[in-house]
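The values are calculated or read from the model by the stated rules, or taken from the named source; none is laboratory data. The structure presented is a predicted model; accordingly, all values stated were derived computationally and were not measured. A quick note on method: Cβ atoms are made from the backbone with ideal geometry, for glycine too, and the neighbour counts reach across all protein chains shown. We work out accessible area using only protein heavy atoms, side chains counted, and drop any ligands, DNA or RNA first. Shrake-Rupley method; radii C 1.70, N 1.55, O 1.52, S 1.80 Å.
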Amino acid sequence: MAEHAKFTEEMKKTHTILVPNMLPVHFKLFISMFEQYGYHMELLETSSRAVVDEGLKNVHNDTCYPALLVIGQFLEALKSGRYDVNRVALLITQTGGGCRASNYIHLLRKAVEREFPQVPVISLNFSGLEKDSAFKVTPPMFLKLLYGVLYGDLLMSLYNQCKPYELERDATDQCLAKWQKRLEESFANGGYLHTGRNYRAILEDFAKLERSKVKKIRVGIVGEIYVKYSPLANNDLEKFLLSEGCEPVVPALLEFVMYCAAGTVVDAKLYDHTTNMTRLYRLGYKLIYSRLKQQIRIVKQHGVFDPPHDFEEVRRAADEYISQGVSMGEGWLIPAEMAMLAKSGTKNIICAQPFGCLPNHIVAKGMSRAIKQKHPDANIVAIDYDPGATRVNQENRIKLMLSNAKQG
């Protein structure tokens, strides 16, 4: 069997790297960072039925929905005629876990090699899973990505806290676009390191937006990471909630990052096997947590908006229901996020689940009853997303949930 195409140093100058869109706010920042290091990237935002059809042609329909969508989005782009297939590469993440985020790169390569054997598939990972690619994430790049997550989370949170209440149409979108552009510039000139000053300026700008004082029903969104965040995967769930007069509450991406880092340390303790990688993750966790605490402190001092959850509190919330050793898929993070939302006043929760994701069905649907027993006023609904599920049925289930919604 021929070896798959590799991304080489020369390709940095000639190739466009296509990136599937999971978090629009965050990923635009990430792409601008990589471009500073000579990588030309483009975010794929196609959401037509052709994406699903290509996924079904190239991936077994029992495979998880996020993998089907990501692979379908790549194949649709390659076949669309929008790109020179001899000058394009594909980027997919690998976290080192046991699901799509690590293993479906092989399905993608198999699908691509049938028609486009010249197209390299690049792994973005921090676990040393693939070492033979010219695409490298250096320590300075990793640091920028970490700060990109922090800034992206803050912008996403403030947008969702302002958009449902804006009195001037699209004023929130304009404020978001302004700060995305400013932050892209600050990542180029080093200004991103002045987090305190930047956070306060961002908070002030969003606080200046004219907003209605009438509180709306808050609806939390948890679930598998791709379906939770991706507009393609969840049929623009946040926009739908806004159209229904709700305030979407979406947990920070940093919670998933810290969940992965904490999981490595917890596993080392459970299996009594500490390595240099474990020590590195432990140090990384402390660094990330200190940055999170700073953001929480500044948002609280500002006093207008709700801060992100303290991740140590998230871990303690998990301990009330499930072991932190349960780390397949999103593991203990899903019940922990549901519990934190219920505890902090977001009583209505949508758990977005992809078809074919057994671990997450267990820790989400399986833990809902236990969370409701502790929080009787929690209103939790699980919505399944798969190639055969219709948008109308999903939205009708959400509307039924909203008819019983509780004001938070």
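Some notes on this structure:
- Residues satisfying the stated conditions in the range 367-381, i.e. part of a helix (DSSP H, G or I), open to solvent by 50 Å² or more (accessible area, probe 1.4 Å) and not charged (D, E, K, R): Gln373
- On inspection, Arg200 does not qualify as charged (D, E, K, R), crowded, with 21+ Cβ neighbours inside 10 Å and at pLDDT 95 or above.
- Residue match in the range 344-359 (condition: in a helix (DSSP H, G or I), closer than 26 Å to Met401 by Cα, open to solvent by less than 30 Å² (accessible area, probe 1.4 Å) and modelled with pLDDT under 95): no
Conditions tested, residue by residue: (1) in contact (Cβ under 8 Å) with a residue 12 or more places away in the chain; (2) touching an Asp or Glu at 6+ places or on another chain (Cβ under 9 Å); (3) within 30 Å of Gln94 (Cβ to Cβ).
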position: Leu154; (1), (2), (3): yes, no, yes
position: Glu168; (1), (2), (3): yes, yes, no
position: Thr195; (1), (2), (3): yes, no, yes
position: Asn198; (1), (2), (3): yes, no, no
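- Of all residues in the range 287-301 being of a type in the set (D, E, K, R) and within 21 Å of the chain's Cα centre (by Cα), the one that is least open to solvent (accessible area, probe 1.4 Å): Arg291
- Checked against (1) modelled with pLDDT under 95; (2) under 27 Å from Leu29 (Cα atoms); (3) open to solvent by less than 20 Å² (accessible area, probe 1.4 Å); (4) part of a helix (DSSP H, G or I), Ala268 meets all criteria but (2).
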